[in-house]
Amino acid sequence: MKTLYKIKKGLDLKLKGEATAKLSAAALSSEYAVMPADFPGIVPRTVVKEGDSVLAGQTLFVDKATERVQFVSPVSGTVVGVERGERRKLLRFRIKANETQEFKDFGVKDLSKLTGDEVKELMLESGLFAFVRQRPYDVVANPNEAPKAIFVSAFNKMPLAADFGVVVKCFEQDFKLGIRALAKIAKVHLGICPEQINSEILPIEEAEVSVFDGPNPSGNVGVQINHVSPVNKGEVVWTLGAEMALVLGRLIRTGKLSLTRRIAVAGSCVKEPHYVETIIGAPLADILKGQIDNVEHTRIINGNPFVGYKSAITDFLGAFSTEVCVIPEGDDVNEAFGWIAPRLNDFSTSHSYFSWLFGKKKSYDLDCRVKGGERHMIMSAEYERVFPMDIYPSYLIKAILTGDIDRQEALGIYEVAPEDFAVAEFIDSSKLELQRIVREGLDILRKENA
C-alpha cells in the first residue's frame, strides 16, 4: 500500500507554451560539450587533451577528491577544445562528434547476479555516478560514504517542466530496472503524483513508493525527503533524477551508456512547444532550430524558469537540464504609469495587482523583469506560505546571511537544496536571490565541516 502525503503549501504557476506530447528526434550535432560547472562540489582534473579520440562513455575528467567519480563524453569523436577561464579553471570540454557513433562497452549485466557494490562500481566506471547528488550540501555524491536511502522523484511541478510520462514512454522497463539496481545499494524511495498510481512505471516491488498530492514544489526530492526520512547531521541521502534511473536501466540491459534524453522545448517564445530527443551536451542552436524567430529580447533558459540558468544560443544543453525554455526578456517593455498601472493581466500572489479580481487565468505570459529592487527582508511569513517543509525558511536565510553556522544546522540546512527555495524566491517581495544565497551557504558549511 502506497503512503499518501497531502502537500498544502506551495504555488502552481502555469506559463504559456507548455510542451505538447509531440516528440521529434534531433539529428546528430557536429559538436557537443560537457561543463564541469554543471556538477557542484567537485574539483575537476582532466585526463584528455585536445586532439584525443574518445568513445561515448569514455572519461574526460575526474574529481580530484576521490579520483573515483568520472565524467564521460556523451558522444564518440575528437576532443577539439579544453577551455579554461580565470586561474585556469576548467570551463568546457568540446567534442567533435563522429558521423558513426561508437560506445565504450561495459558489458551486458544480469541484475539478479549483481551486488550493491558491483552496481555502484558500474555506475562509477561508466560515469553515471556523476549524476548522483547527496544531501547534505546538494553536491555530487561521495562514493565512499554509504547512504541511508536513495530518493527518486518521478514528477516535476515546476513551470514548463517536462512530463516524465512522455520522457519514459516505451522505456518503462528500463526505468524499473534502474530502480531495482539502485535498491541493491540502499533503500529506494520513489515519489510519484496521484496521476501516476496506475501508470506503466509501476509496480516496483523493490522500492517504497510514496504519493505526493499538492502544488509545486511537491515534486522536489527535497520536499519528499523531508516528509519521508529527514536528514540529520551525520546522515547521507542520495538523490537521482528519474530520467537518469532510466539511463541506468538501459546501461545494464545493453552494456552501453547512452546519454540520450527527451527534453521539453517550451515557453511562450517557442513556435511549437514539444519534446526533442537529443543527447546531453547538444548545442542549444540545434535544439531550438526553427523554433524562435529572433533571440533578441528573449531569454533562453537551460532548465525550467524557476531553477534553470540563463544561456546564449551558442551554449550547450546542461547535464541536469530536462527542459529548454524561451520566454520574453522584458527589456523592450515601456509601460505607461509604471508601477501604478492596474495590471489587469499580470500574475500576483497578493492583491497588489487588480488581476486578482478576475480570478486565476489558465496560463500567464510572464517576462523576466524583477519589477523592483533588492531591499531588506520583509518579515511577513511570505516564504512560509509556499514552503512545504518542516523548516523555518526565513530564519534559515537570515542565519546563512549572517554566517551563523550553529543556527543553520539547528534550522535544518542539511536537508535543503537551492531548488527548494525557488517558489519562495519567485514571490519574495524583498527580491532576494534565495537560491544563490542557499548555494553559497551550503558551500561554506561544506568547507567548514571538511
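The values are calculated or read from the model by the stated rules, or taken from the named source; none is laboratory data. Just so it is clear, the model here is predicted, and its values are computed rather than measured. For neighbour counting, all protein chains shown are included, and Cβ atoms are generated from backbone atoms with ideal geometry for every residue, glycine included. Please note that ligands, DNA and RNA were not included when accessible areas were found on the heavy atoms of the full protein model with its side chains. Shrake-Rupley method; radii C 1.70, N 1.55, O 1.52, S 1.80 Å.
Points to keep in mind about this one:
- Candidate set: the range 137-157, residues that are in contact with a Leu (Cβ under 9 Å, 6 or more places away or on another chain) and open to solvent by 10 Å² or more (accessible area, probe 1.4 Å); chosen: the one nearest to Gly10 (Cα to Cα): Ser153
- For the range 196-207, the criterion of being open to solvent by less than 10 Å² (accessible area, probe 1.4 Å), touching an Asp or Glu at 6+ places or on another chain (Cβ under 9 Å) and among the aliphatic types (A, V, I, L, M) is met by at least one residue.
- Meets criteria (touching a Lys or Arg at 6+ places or on another chain (Cβ under 9 Å) and open to solvent by 70 Å² or more (accessible area, probe 1.4 Å)) for Ser352: yes
- Evaluation of Asn216 against (1) open to solvent by less than 10 Å² (accessible area, probe 1.4 Å); (2) closer than 28 Å to Ala282 by Cα (one fails), failing number: (2)
- Screening Trp238 on (1) in contact with a strand residue (DSSP E or B) (Cβ under 8 Å, 6 or more places away or on another chain); (2) open to solvent by 10 Å² or more (accessible area, probe 1.4 Å); (3) in contact (Cβ under 8 Å) with a residue 60 or more places away in the chain shows it passes everything except condition (2).
- Selected residue [in a loop (DSSP other than H, G, I, E, B), at pLDDT 95 or above and under 29 Å from Leu60 (Cα atoms)] from Ala181, Ala130, Ala162: Ala162
- Scan of the range 80-116 for residues that are over 29 Å from the mean Cα position of the chain (by Cα) and open to solvent by 80 Å² or more (accessible area, probe 1.4 Å), ordered by number: Glu99, Thr100, Ser112, Lys113
- Answer from Gly308, Gly249 - the residue that is in contact with a Phe, Trp or Tyr (Cβ under 8 Å, 6 or more places away or on another chain) and open to solvent by less than 40 Å² (accessible area, probe 1.4 Å): Gly249
- Those residues of the range 424-450 which are among the basic types (Lys, Arg) and either modelled with pLDDT of 95 or more or in a helix (DSSP H, G or I) (or both), in sequence order: Arg436, Arg439, Arg446, Lys447
Quick grid of which residues meet (1) at pLDDT 95 or above; (2) in contact with a Cys (Cβ under 9 Å, 6 or more places away or on another chain); (3) under 24 Å from Leu251 (Cα atoms):
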residue: Ala21; (1), (2), (3): yes, no, no
residue: Glu31; (1), (2), (3): yes, no, yes
residue: Phe39; (1), (2), (3): yes, no, yes
residue: Thr46; (1), (2), (3): yes, no, no
residue: Gly51; (1), (2), (3): yes, no, no
residue: Asp63; (1), (2), (3): yes, no, yes
residue: Glu67; (1), (2), (3): no, no, yes
residue: Gln70; (1), (2), (3): yes, no, yes
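- Filter result (touching a helix residue (DSSP H, G or I) at 6+ places or on another chain (Cβ under 8 Å) and open to solvent by 60 Å² or more (accessible area, probe 1.4 Å)) within the range 317-348: Phe320, Pro342, Leu344, Asn345
- Residue within the range 372-383 that is touching a residue at least 12 places away in the same chain (Cβ under 8 Å) and within 22 Å of the chain's Cα centre (by Cα) present: yes
- Taking the criterion of being assigned to a loop (DSSP other than H, G, I, E, B), basic (Lys, Arg) and at negative phi, the residues of the range 310-366 that qualify are Lys360, Lys361, Lys362.
- Here is the figure for the range 1-33: residues that are open to solvent by less than 50 Å² (accessible area, probe 1.4 Å), assigned to a strand (DSSP E or B) and of a type in the set (Gly, Ala, Ser) total 2.
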